[in-house]
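The values are calculated or read from the model by the stated rules, or taken from the named source; none is laboratory data. Just so it is clear, the structure is predicted and the values come from calculations on it, not from any experiment. Here the Cβ positions follow ideal geometry from the backbone for every residue, glycine too, while neighbour counts run over all protein chains shown.
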Amino acid sequence: MTADSGRGRFAAAVTFAFLAVAGLGILRHEMWRDEMQAWMLAADSRSPAELLHNMRYEGHPALWHLLVFAISRFTRRPEAMQLLHLLVAAASVWLFARFAPFSARARALFAFGYFPLYEYGIISRNYALGVLLVLAFCAVRSARPRAWLAQGAILAALTQTNPYAWILSAVLATMAVFDGLRDAEARRAAASRPWQPVLAAALFAAAGGAAVLQMLPPADGGYAVGWRSWWDANGAVTVLATVAHADLPLPDVGSFAAWNTSLLWRLGYGPMAAVGVALIAAAAASLRRTPGALFLYLSGTAAYLAFTYCKYFGQLRHHGHHFLLLVACLWLAWGKGGSDRGREALLTGLLLVHLAAGAVLYSLDLGLPFSASKAAAEVLRANGLAAAPIAATQDNLVSPVSGYLGRPLYFLESRNLGRFILWNKQRLERLSAEETCNRLREWLARTGGATVLMSTRPPPTCGPELDMALVAEVPQGMAPRERYWVLVVRELAAGHQASAAPSLTSTAPCVAASSRPPRRRPPSPALASGNGG
């Protein structure tokens, strides 16, 4: 058996194992609000143009949403998006196992690490597409460094996935130019057929520019607007800590919620930032004899830190691009000077930590509800309320229930009947008790005096004219703040007595909720507000 066929067999074995493990995880994973938002945007748009219009507040380019739009033409089941995501994640695993220059052990560990298996595998977001395209670029550039058109096309597609991948596409393109200018053979090849690098550059620039136009918020945008342009030493220290968060993503299982946490946060931001600086220094040392890869790593790290400081702090899924950048740099530096053995040791050590982190979160997701939204939809169906008028508050937290019901809700924050959230200034992030009651009365006037109310906090008492009967309380799962109170609200005639109903302050049983045991706990500390990005 040749080495090439042996790699093919190994890649197939690793990919099939990944499909089995990740497939089981996806079957047991309830989608939370950020996953469902993409599905509902795509499924409720009648054309790609309408999808782009509906996405104008998302802050993301449209490639993932366009793929989801395509499959939503054939099915109304949101689980189809999870299947698509599984295939994208499996393609990344196959590419790495087949073409990455590292040992078989490292290539297998990568597949079952925290990011490929869990954060970018089981949780269905556009970040998996970015991983796939970065690995595809590394594979093509390592095998065919003069294949400018192929590299340009991959980087153009990469700009269309998410803001963090856009940053990585820019530094990868800059590295390619940097390497080309230093290499006399590359300069001669480019001079012999100049139209190829020129066309590749034009394709990349056009796609990158189009992505920027999609990511810029409209004038009435209400999410992640503005930049921090002043110096904040404490903020800078916290931002440096995100490198350690990405490279050593050990969850804090003793905290309120293990997902999006870090055991290293217990050290404090200062020590964690020092760990981040040490990791940057170790990576730079391993790349010091490969100027192109070193340039890529340092410039990419600086760009991510600047974006995190100036624009959006983010969560572990965002910080994870530090690790993806490191993997790409180690791959592109392989065999070009310096110690490949040292690079292998660095990567393997980090991958062992990622394996442990992935196993913890994967196991928790198997045994616990990730989102309470699916259980809340089951409550409505079991009580014959799935087709009734439904008012919802707080809109972005209740919206995934709409995805599982396959029907719109009336969002009190925006006074809109719909499924996905428009992150504009029309909606109020949090309604006061008085405003919640006023908007609920407005909705009751449109529904004949009766509605279901879904709330993420105990609803206010709106006066004796409203009979508010608690149907169920659905406890929070792993996704923060997705905890639901389900009530039937009726407008009473003057002098009419309210019907006997459970007290809103009592704990009602979760009727027909998920059979998986819920875990009650306070909401996790939020690292960032808004839709989570």
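Condition (residue is of a type in the set (Val, Ile, Thr) and either crowded, with 24+ Cβ neighbours inside 10 Å or in contact (Cβ under 8 Å) with a residue 12 or more places away in the chain (or both)) applied to region 188-208: is it met by at least one residue?
no
Return the residues of region 102-114 that are buried (at least 17 other Cβ atoms within 10 Å of the Cβ) and either in a loop (DSSP other than H, G, I, E, B) or not aliphatic (A, V, I, L, M) (or both); say none if nothing qualifies.
Those that are buried (at least 17 other Cβ atoms within 10 Å of the Cβ) and either in a loop (DSSP other than H, G, I, E, B) or not aliphatic (A, V, I, L, M) (or both): PHE102, ARG107, PHE110, PHE112, GLY113, TYR114.
So GLY337 fits all but one of (1) crowded, with 18+ Cβ neighbours inside 10 Å; (2) more than 27 Å from LEU27 (Cβ to Cβ); what number is the exception?
Here GLY337 clears every test but (1).
Residues checked against (1) modelled with pLDDT of 95 or more; (2) closer than 17 Å to LEU52 by Cβ; (3) not small (Gly, Ala, Ser):
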{"site": "PHE204", "(1), (2), (3)": "yes, no, yes"}
{"site": "GLY209", "(1), (2), (3)": "yes, yes, no"}
{"site": "MET215", "(1), (2), (3)": "yes, yes, yes"}
{"site": "GLY222", "(1), (2), (3)": "no, no, no"}
{"site": "SER229", "(1), (2), (3)": "no, no, no"}
{"site": "ALA236", "(1), (2), (3)": "yes, no, no"}
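Inside region 264-273, can you point out the residues that are free of Cβ contacts under 8 Å to residues at least 12 places away in the same chain and either crowded, with 16+ Cβ neighbours inside 10 Å or of a type in the set (A, V, I, L, M) (or both)?
The first filter runs over region 264-273 and keeps only residues free of Cβ contacts under 8 Å to residues at least 12 places away in the same chain, leaving 267-268, 271.
Scanning region 264-273 gives a single hit, LEU267.
Counting just the residues of region 174-185 that are touching a residue at least 40 places away in the same chain (Cβ under 8 Å) and out of contact with any Leu (no Cβ under 7 Å at 6 or more places or on another chain), which one comes out surrounded by the most Cβ atoms within 10 Å (Cβ to Cβ)?
ASP179
What pairs come up if the first residue lies in region 151-173 and is outside the structural domain of ALA128 (by TED's automatic domain parsing) and buried (at least 24 other Cβ atoms within 10 Å of the Cβ), the second is part of a loop (DSSP other than H, G, I, E, B) and modelled with pLDDT of 95 or more, and their beta carbons are under 8 Å apart, counting only those six or more places apart or on different chains?
Between residues of region 151-173 that are outside the structural domain of ALA128 (by TED's automatic domain parsing) and buried (at least 24 other Cβ atoms within 10 Å of the Cβ) and residues that are part of a loop (DSSP other than H, G, I, E, B) and modelled with pLDDT of 95 or more, there is no close pair.
Each row is one residue, and each column tells you yes or no for (1) at positive phi; (2) free of Cβ contacts under 8 Å to residues at least 24 places away in the same chain.
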residue: PHE295; (1), (2): no, no
residue: TYR309; (1), (2): no, no
residue: LEU316; (1), (2): no, no
residue: LEU325; (1), (2): no, no
residue: GLY335; (1), (2): yes, no
residue: ARG341; (1), (2): no, yes
residue: VAL353; (1), (2): no, no
residue: SER363; (1), (2): no, yes
residue: LEU368; (1), (2): no, no
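Please specify each residue of region 122-170 satisfying the condition of being within 21 Å of the chain's Cα centre (by Cα), of a type in the set (Ser, Thr, Tyr) and within 16 Å of CYS329 (Cβ to Cβ).
If the condition is that a residue be within 21 Å of the chain's Cα centre (by Cα), of a type in the set (Ser, Thr, Tyr) and within 16 Å of CYS329 (Cβ to Cβ), then TYR164, SER169 are the ones that fit.
Can you list the helices (runs of 4 or more DSSP H) lying wholly within region 13-101 that have 2 or more residues being under 24 Å from LEU326 (Cβ atoms) and of a type in the set (Val, Ile, Thr)?
79-99
If we keep just the residues of region 61-101 that are among the aromatic types (Phe, Trp, Tyr) and within 20 Å of the chain's Cα centre (by Cα), which is surrounded by the fewest Cβ atoms within 10 Å (Cβ to Cβ)? Steps first, please.
Our first condition is that a residue be among the aromatic types (Phe, Trp, Tyr); within region 61-101, this holds for 64, 69, 74, 94, 96, 99.
Now restrict to residues that are within 20 Å of the chain's Cα centre (by Cα): 64, 69.
Values: TRP64: 25, PHE69: 23.
Checking each candidate, the answer is PHE69.
List the residue pairs whose Cβ atoms are under 6 Å apart, where the first residue sits in region 78-104 and is charged (D, E, K, R), the second is assigned to a helix (DSSP H, G or I), and the two are 6 or more positions apart or on different chains.
Qualifying pairs under 6 Å: ARG98/ARG7; ARG98/ALA11.
Conditions tested, residue by residue: (1) within 34 Å of the chain's Cα centre (by Cα); (2) more than 18 Å from PHE137 (Cβ to Cβ); (3) of a type in the set (Asp, Glu).
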| site | (1), (2), (3) |
| --- | --- |
| ALA184 | no, yes, no |
| ALA189 | no, yes, no |
| SER192 | no, yes, no |
| GLN196 | no, no, no |
| ALA201 | yes, no, no |
| ALA205 | yes, no, no |
| ALA210 | yes, yes, no |
| GLN214 | yes, yes, no |
| PRO218 | yes, yes, no |
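Does region 182-194 contain any residue that is assigned to a helix (DSSP H, G or I) and within 25 Å of HIS319 (Cα to Cα)? Steps first, please.
Taking region 182-194 as the starting set, the residues that turn out to be assigned to a helix (DSSP H, G or I) are 182, 184-192.
Subset that is within 25 Å of HIS319 (Cα to Cα): none.
Checked against the condition, which is being assigned to a helix (DSSP H, G or I) and within 25 Å of HIS319 (Cα to Cα), region 182-194 yields no hits at all.
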